[in-house]
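The values are calculated or read from the model by the stated rules, or taken from the named source; none is laboratory data. The structure displayed is predicted, hence computed values, not measured ones. Reconstructed Cβ throughout: ideal geometry from the backbone, glycine too, with neighbour counts over all protein chains shown. To get the accessible areas, we keep the full protein, side chains included, count just its heavy atoms, and leave off ligands, DNA and RNA. Shrake-Rupley method; radii C 1.70, N 1.55, O 1.52, S 1.80 Å.
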Amino acid sequence: MTHDHDLVLRPTEAQRAAALAPPPGRTGADLVVETLCSLGANTVFGLPGQRALALFDAVGRSDLRFVGLRTENNAGFAADAYGRMTGEAVPLLVSAGPGALMALPALAEAAAASAPVVAISAQVPVAGLGGGRRGHLNELRDQSASFREVVKSVHSARTPSQIPSVIAEAWESALTAPPGPVYVEIPEDVLQTETVIPQVTGVDATPHELAPRPELTAVAAHWLENAARPVIIAGGGVIRSDAAGKLRLLAERVNAPVVTTYGGKGAFPWTHPLSLQSWLEDRHTTDFLEDADVLLVVGSGLGELSSNHHTFFPTGRVVQIEADLGKLESNHAALGIHADARLALQALLETVSEREDPTAPERVRLLLADIAARPAAQDPAPEDRLLTSIRAALPPRSPSFWDMTALSYRAWSAFDPKHPNTMHSAQGAGGPGYAFPAALGAAVAEPGTPVLAVSGDGGAMYSIAELATAVQHALDVTWLIVDDGGHLARPDFVALAASFGVPATTTTPESLRADLTQALKTPGPSLVALLTPPHL
């Protein structure tokens with residue numbers, strides 16, 4: 001018989017020796033860094049502040065790569081993108097008070113996009129916690145309360161011995177489906193305190209798998225294989241769980257047309273005969289979806305943008321696969337399957353029979369033709385010509401990051417990302433200033449791959465300071481700023497970039513493709529300012 005105590009892992013001789021003779025002068029901050037390294041972290045983002053100096057000193061003594069940005073919010077956007085690109089949890093280090101609060105908008109976007117950011121914040125000394133109003137610099141009555149309704153989970157360590165377990169718990173939470181940002185706070189004196197706790201070498205934070213219940217996937221498979229007009233809506237959950245290949249196999253097996261949400265762009269090949277692309281805000285698509293007798297929704301909560309602003313009302317059966325329990329059937333009644341998209345699609349592939357339907361590709365072709373034939377008064381030809389030039393200039397596997405600007409709104413529907421996980425925007429939370437710092441994070445995650453950021457002239461002003469970051473770290477990011485000559489006072493973006501030593505050029509719609517191609521081939525950061533008519 002095996003007893004629980006028989007399963008305890010025994011330390012190795014190397015671990016035993018390290019425990020008996022830990023290096024001198026280590027602090028609580030070193031425990032943070034050792035735990036992060038033990039969990040597999042190799043890069044951290046952030047911005048130093050007074051309460052967190054011990055933490056950044058410990059990072060400097062380690063092998064971690066520190067990428068410092070010029071504001072905490074931009075550091076959060078960069079960490080968000082790193083997490084999206086790698087699927088790994090990524091630490092974001094900030095100080096107390098305003099330093100922590102400045103990261104809130106970025107963490108809200110990470111929450112909406114399910115990016116696994118582990119935000120670690122310093123705090124005032126332990127004696128100043130609990131609303132005691134001792135007058136510490138950066139003191140708040142309850143700092144963690146500001147994060148509780150934004151992030152996935154909140155964690156705190158009040159002694160050095162708590163640090164490894166607290167960070168491991170947060171790490172596991174960030175990666176468990178649905179992934180998302182988490183918040184950890186540690187008081188300044190706990191970070192500064194010397195410790196004799198042995199070096200952290202064996203931390204386990206394996207995320208829990210969220211598998212579907214088999215009786216639910218059996219019903220879903222039966223509905224799909226016997227449907228007359230099945231359709232699939234693929235959301236961001238397909239991208240995050242790396243399930244695009246399984247989605248394609250399922251769509252082809254049951255001959256179901258597939259439309260991707262804006263967060264799910266790239267989850268299904270754009271030019272596939274069954275691809276409805278991403279025209280979710282077009283009424284033709286809404287009507288097509290409403291006509292489906294079985295609608296399979298994978299990795300989407302059918303929120304505002306994915307439901308044509310809540311004007312979509314399905315008439316047939318709905319199956320919804322969603323890892324976020326709060327989103328399950330939150331907008332429409334469905335056969336709700338609480339599961340990771342990859343595991344649920346695999347279960348369906350193991351169950352569903354092939355369904356023949358030679359009419360499906362023709363119905364898709366007719367729908368896309370109807371969308372292309374929109375009235376002349378709504379002709380988006382100028383935006384589409386710009387997007388065609390951008391697509392031609394951007395290497396197929398290069399990621400692009402889009403800010404909240406008119407060209408981006410058109411790109412949500414009209415841009416072909418070519419591959420999964422290569423097009424990202426801030427449409428989850430809708431905050432401006434996302435594109436450029438996020439692109440910097442992606443460039444850190446994928447060195448050697450050119451990255452594109454697209455901003456309007458207003459949104460670009462949120463991120464100008466990060467030109468210094470791009471230069472300091474020699475990040476291969478091209479920043480396309482669409483300057484429509486509107487009512488905002490703005491700088492000469494080309495001259496401003498040149499003052500940072502960043503190669504920059506002014507372009508026009510006619511020369512955009514050539515100028516952007518050249519910029520993307522230029523090593524390190526570059527800027528292209530596109531002068532357009534208003535509202536583009």
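Contact map, segment 328-345: residues that are without any contact (Cβ under 8 Å) to a residue 60 or more places away in the chain paired with residues that are open to solvent by less than 30 Å² (accessible area, probe 1.4 Å) and among the β-branched types (Val, Ile, Thr), Cβ distance under 6 Å, separation 6+ or inter-chain. Pairs shown: 332/318; 334/318.
Pick out the one residue from 240, 253 that is charged (D, E, K, R), within 23 Å of residue 314 (Cβ to Cβ) and open to solvent by 10 Å² or more (accessible area, probe 1.4 Å).
Step by step, each of 240, 253 is checked, and only 253 is charged (D, E, K, R), within 23 Å of residue 314 (Cβ to Cβ) and open to solvent by 10 Å² or more (accessible area, probe 1.4 Å).
Based on what the data block shows, is residue 343 open to solvent by less than 70 Å² (accessible area, probe 1.4 Å), closer than 20 Å to residue 180 by Cβ and out of contact with any Gly (no Cβ under 9 Å at 6 or more places or on another chain)? For residue 343, the condition - open to solvent by less than 70 Å² (accessible area, probe 1.4 Å), closer than 20 Å to residue 180 by Cβ and out of contact with any Gly (no Cβ under 9 Å at 6 or more places or on another chain) - is met.
Counted as qualifying within segment 317-418 are the strands (runs of 3 or more DSSP E) with 2 or more residues that are in contact with a strand residue (DSSP E or B) (Cβ under 8 Å, 6 or more places away or on another chain) and over 23 Å from residue 431 (Cα atoms), namely 317-322, 335-338.
The rows are residues; the columns are (1) in contact with a Pro (Cβ under 9 Å, 6 or more places away or on another chain); (2) closer than 22 Å to residue 287 by Cα; (3) at pLDDT 95 or above.
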| position | (1), (2), (3) |
| --- | --- |
| 306 | no, yes, no |
| 309 | no, yes, no |
| 312 | no, yes, no |
| 320 | no, yes, yes |
| 331 | no, yes, no |
| 335 | no, yes, yes |
| 339 | yes, no, yes |
| 344 | yes, no, yes |
| 347 | yes, no, yes |
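Taking the criterion of being of a type in the set (S, T, N, Q) and touching a strand residue (DSSP E or B) at 6+ places or on another chain (Cβ under 9 Å), the residues of segment 170-224 that qualify are 173, 192, 193, 195, 217.
Looking only at residues of segment 55-70 that are open to solvent by 20 Å² or more (accessible area, probe 1.4 Å) and over 30 Å from residue 397 (Cβ atoms), we find that the one that is nearest to the chain's Cα centre (by Cα) is 56. Across segment 263-279, the number of residues qualifying as surrounded by 24 or more Cβ atoms within 10 Å (Cβ to Cβ), touching a residue at least 60 places away in the same chain (Cβ under 8 Å) and under 14 Å from residue 307 (Cβ atoms) comes to 2. Strands (runs of 3 or more DSSP E) fully within segment 80-180 that include at least 1 residues being open to solvent by 30 Å² or more (accessible area, probe 1.4 Å): 153-156.
For segment 65-75, the criterion of being farther than 30 Å from residue 425 by Cα and either modelled with pLDDT under 95 or of a type outside the set (A, V, I, L, M, F, W, C) (or both) is met by none of the residues. With respect to the stated conditions, residue 231 fails to be assigned to a helix (DSSP H, G or I), in contact with a strand residue (DSSP E or B) (Cβ under 7 Å, 6 or more places away or on another chain) and in contact (Cβ under 8 Å) with a residue 24 or more places away in the chain. All conditions but one from (1) farther than 20 Å from residue 263 by Cα; (2) buried (at least 18 other Cβ atoms within 10 Å of the Cβ) apply to residue 316; the one that does not is (2). For segment 379-404, which residues satisfy the criterion of being among the polar types (S, T, N, Q) and open to solvent by 10 Å² or more (accessible area, probe 1.4 Å)? If the condition is that a residue be among the polar types (S, T, N, Q) and open to solvent by 10 Å² or more (accessible area, probe 1.4 Å), then 388, 389 are the ones that fit.
State whether one or more residues within segment 247-267 are farther than 27 Å from residue 83 by Cα, hydrophobic (A, V, I, L, M, F, W, C) and part of a loop (DSSP other than H, G, I, E, B). Yes, because at least one residue in segment 247-267 is farther than 27 Å from residue 83 by Cα, hydrophobic (A, V, I, L, M, F, W, C) and part of a loop (DSSP other than H, G, I, E, B).
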